[in-house]
Amino acid sequence: MLIGAVVLFPAVELVRASLSRYSITGLYQGAVGGRNYARLLQQDALGPVALNTLTWVGAVVGLTLVISLALAQFLDLEFPGRRLVRWALIVPWAASLIMTSKLFVWIYDYYFGLLNRALVALHVVRGPIDWLGDDRTVMGAMIGVGVFVSLPFTTYVLLAGLQSIPGEVYEAARVDGASGWRTYWAVTLPLLRPALVVAAVLNLIYVFNSFPIVWTLNDRNPGFGHDTLITYMYKIAFKSALRDVGLAAALGVVNVLLTLAAVLVYLNTVRWRESFEA
Amino acid sequence: MDWNTIDQQVSTMIQNNQPPDVLNLNAFASYAKDNLLYAAEDVLSPKTKDDFLEAFARGGEYRGKLHGFPILSSARAFFYNTDLFARARITAPPKTWDDFVRDAQKITKLGGGAIGYALPLGPEEAQAEWSIWMWNNGGDWKSGDRWAINSDKNVQTLGFLADLANKHKVTQVNPGKTNRTDGAFQLFKDGKVGMVIGFSPLAKQLDAEGKVKYAVGAMPANAGAAVTLGVEDYLMAFKKKGNQEAVKKFLDLYYQPENITRWITAEGFLPVTKSGLTQMSSDAKLKPYLDLLPNARLAPTTDPAWDKVKLDVQQSLGLAVQPGGNPKAVLDKLQQNATAESGR
Amino acid sequence: MRRAGRTVAGQLVALALLAPYLVMLLTALKPEAELRTSPPRLLPSDWQPGNFVTVLADPGFQSWLRVSLVVAALSTALVVVAAVPAAYHTARRRFRGRTAFLLLVLVTQMFSPTALVVGLYREFFELDLVNTYSALILTNAAFNLAFAIWMLRAFFASIPREVEEAAAVDGCGRLRTLVSIVLPLARPGIVTVVIFAFIAAWNEYVVALTLMTDPDMKPLTVGITSYVTAYVQHWNLLFAASTLAIVPVVILFALIEPYLVAGLTAGSVK
């Protein structure tokens, strides 16, 4: 209904745009059928960009899930000051992605950044590192920020999942004489599965579609060497010599199909139907 | 408005056939080519039109008609840190490229993180930095009607810039991946850098902070007289049904000498009108830039292909000054793309 | 002893999460000339709390804040009202095309807003809603609804069916069961959805940038970028404004966090 009205109309427009030719200013110049898709495949940058995307999504989602699971377990325990930690957890989420990205540009800076200052002072590295300019460190630096901003949401979903597990279940497990780890594997994780599936699927989508982090941290680097499919799409439309909205729209459609495929594969491997019936 | 996002906003509006009435942008030719704009005759009074400085009016022409109305200009200038120059015992700003390299080396040798020259060839404004060096070696974007991006002179110039970074090591780290606003300028503002190419808004910021002593001069030249880059921003009036009268009124009011000059002065820019030039020439702060204006050259903004060439340069020039980069290959590729674009 | 250990560990975690924002706060307190110094310093040597006053007194900031609050609050309300019935329905009923419906909902999330802005602009232009609150509220609600339905569905699904059956035996109608039994049990989920929808709307940038061209109708995310452009670089003000922008979210969170805990206790006592 609402979703249909607000999302479907632009989506149809997107598909239509992908079948059209536009001038550099954005002026419509007629339909071209599938030509934009064919041209997309001829772009030299497409391969490396796709690979970057795989690294980016895989690393961020994987690390986020593992760390969040630990964090959620930890925050489910009772201890003085727990509330403080929960409040702290909300902050990286409350800050807009663009601001956090700019903040990290500031922190990563070669000359003025506090990260290098701290690492040098602690003798971790001998000299400063150009985190965002050195081809070897850019992706890692971006993944770090990606994980950092994804933690709060994921931890919260998992925490909410943990808390909706009724206490009696644990009681029963204890009565049956199950040890701590066994309870965790046999009872907690399966019951947490709906929440885990939700967290994984949504993270997959959000991280794939994440624009501000890669855009901001990578804005100094010429070319497409560290772009993901989303920032590449934006550059095709507005920031590269291609300057082609139709081509970008074609990539936009491909992106959606790729995400859909990834999600389906994932859901299939975790046997989602079962988790639906739970 | 913010340059980073304006491209997207405007493109969105035009894709939907809803352009703005007037728009201030640093490019116009593609819009004129797509027949989206009013020409000066349609919306400007003769008095306004005749007041534009010759060079800037020419810079707004498409097929012999004025479509991009000059709104403000700026000229790049050579900034140097006088404290660092004194410490390195350099008495005058460099006149030639040999002087320039020697001075940059002297400053770098001061140690303590001093940087001879801050070279921003990252995507933000690589074409501006490049234009200035290119021209001061006697090269150009075009030769006659044809693109000449990979001329021998230009290959030599880009090689020179790559040597600054990799052989002489007098620049900041990774100049091909440094932007102007948040990179080179920040370093100069912190007093780390001996020389940088700046513009009047930078002077304004330096004065406000009062941390760095600096002076402004002409570019070192390797061929002929020193040249700098003039940049012109345009006001474009979009054709829409029934908006001609309203646009006309707006522009007349906007271009009244007192209005436009007040606005330009507030932002630290330079005039584009004869009346504005007379008015502003009394301002001592602006004198160094106004002196440069006669020797300022514009990028080939009147060529519709330029709007794409510029983006191409921004996304690839920096790769040439990376260690192991290949200036000739980068310029060859740019030339090939530009020629293809013009042929279309 | 174990609790004390947890407290220390907790504080370390909190510090790690907050450290970058501490840098932000401290930078916001610096005068412009101290923004970039070498070697970099964490603390300002000349503290300038006045930066916050400057931002708060800026009429631009006030109007951005107003827009952001209205949009975030109303779109969140819309999301909750629409998502609860939809999620409950899909969790409890087996209707034809349920799987397809859930997938379709998920697919809407896969379109990056960046790719959709052009169509969105056309849509709202035709409806004459460009530069109105409604445009942003509807868009945000639509984009967050999918998440909300999925999230809540998982929660409803994890509530044992027997609880409801027991209520039905006690003579509760279906609606009453939903309101008095199921909703309280799903409270952690609803709270999570509220936080999520609010934050997502609060931080939305791309759509607002395109749909809100009138300076008076820009939300915070778009507005504050005007502190740093190619010509002016008030990084300290930008960071001060960003710090202030975090505050309403933290307050909201502080207000509803107790319910999260209460929801848990209510659930386990029964």
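The values are calculated or read from the model by the stated rules, or taken from the named source; none is laboratory data. Quick caveat: nothing in here was measured; it's all calculated off a predicted structure. Cβ: placed from backbone, ideal geometry, glycine included. Neighbour counts: every protein chain shown. Remember, those area values only see protein heavy atoms, side chains included, never the ligands or the DNA or RNA. Shrake-Rupley method; radii C 1.70, N 1.55, O 1.52, S 1.80 Å.
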Could you state the angle between the C-alpha long axis of helix A:97-108 and the longest principal axis of the C-alpha atoms of chain A, as a value from 0 to 90 degrees rounded to the nearest 10?
90
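Which shape class, rounded, prolate or oblate, goes with region C:47-93 when its Cα gyration tensor gives a ≥ b ≥ c as root eigenvalues, a/c under 1.5 marks rounded, and past that a/b bigger than b/c marks prolate?
Since a/c reaches 1.5 and a/b is larger than b/c, the shape of region C:47-93 is classed as prolate.
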In the structure shown, of B:Lys153/B:Lys287; A:Lys239/B:Lys287; B:Lys95/B:Lys192, the pairs separated by more than 28 angstrom at the C-alpha atoms are B:Lys153/B:Lys287; A:Lys239/B:Lys287
On C-alpha positions alone, give me the angle between the axis of helix C:133-158 and the longest principal axis of chain C, in degrees, nearest 10.
50
Compute the signed sum of charges (Lys and Arg +1, Asp and Glu -1) over the other residues within less than 15 Å, Cβ to Cβ, of A:Phe224.
0
Of C:Ala146, C:Ala245, C:Ala14, the one that fluctuates the most in a GNM where chain C has Cα springs shorter than 10 Å
C:Ala14
Can you list the residues of region C:112-132 whose accessible area drops by at least 30 Å² going from the chain on its own to the full set of protein chains, with a 1.4 Å probe?
C:Ser112, C:Thr114, C:Ala115, C:Leu116, C:Val118, C:Gly119, C:Tyr121, C:Arg122, C:Glu123, C:Phe125
Extending each Cα 7 Å along its Cβ direction at C:Val81 and C:Leu175, get the distance between those two points in nm, one decimal.
1.6
Starting from the Cα gyration tensor of region B:214-344, take the square roots of the eigenvalues, sort them a ≥ b ≥ c, and report rounded, prolate or oblate (rounded when a/c is under 1.5, otherwise prolate if a/b is larger than b/c, else oblate).
oblate
Quick one: helix B:327-343 against the long Cα principal axis of chain B, what's the angle to the nearest 10°, folded into 0 to 90?
10
For the pair B:Ala329 and B:Asp145, how long in nm is the line joining their label points, each one 7 Å along Cα→Cβ?
3.4
What is the protein assembly as shown by shape, rounded, prolate or oblate, if you read a ≥ b ≥ c off the alpha carbon gyration tensor as root eigenvalues and call it rounded for a/c under 1.5, prolate for a/b larger than b/c, and oblate otherwise?
prolate
Can you give the charge dipole size of the protein assembly as shown about its Cα centre, rounded to the nearest 20 debye, using +1 on the beta carbon of Lys and Arg and -1 on the beta carbon of Asp and Glu?
1400
Of the accessible area of chain B, with the probe set at 1.4 angstrom, what percent is carbon plus sulfur?
50
Compute the projected area of the convex hull of the Cα atoms of region A:2-277, averaged over all viewing directions, and report it in nm² to one decimal place.
19.4
Whole-percent carbon and sulfur share, accessible surface of region A:2-277, 1.4 Å:
66
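Go through region C:83-154 and name the chymotrypsin sites (Phe, Trp or Tyr not before Pro) that are in a DSSP coil and have 14 or fewer other Cβ atoms within 10 Å of their Cβ.
Listed in order of number, the matching sites are C:Phe95.
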Mean accessible surface per residue for region A:2-277, computed with a 1.4 Å probe while every protein chain stays in place, in Å²
39
HN-Hα J couplings of region B:259-267 from phi, Karplus 6.51/-1.76/1.60, θ = phi - 60°, integer Hz, Gly and Pro as x?
5, 5, 5, 4, 5, 4, 4, 4, 8
Among C:Ala72, C:Ala201, C:Ala142, determine the one that fluctuates most according to a GNM of chain C built with springs between C-alpha atoms less than 10 Å apart.
C:Ala142
Long-range amide H partners of B:Leu37 with built H, under 5 Å
B:Lys239
Highest-fluctuation residue, A:Ile230, A:Ile24, A:Ile205 considered, GNM on chain A with Cα pairs under 10 Å
A:Ile24
Could you state how much accessible area B:Lys192 has, in square angstrom rounded to the nearest 10, with a 1.4 Å probe and all protein chains kept in place?
30
Inter-site label distance for B:Arg89 and C:Ala4 at 7 Å from Cα along Cβ, in nm:
6.5
How large is ³J(HN,Hα), in whole Hz, for each residue of region B:62-76 in order, when computed from phi with the Karplus curve 6.51 cos²θ - 1.76 cosθ + 1.60 and θ = phi - 60°, using x for Gly and Pro?
10, 6, x, 10, 6, 10, x, 7, x, 10, 7, 9, 8, 10, 6
Chain A - percent relative contact order, Cα under 8 Å, separation 6 or more
30
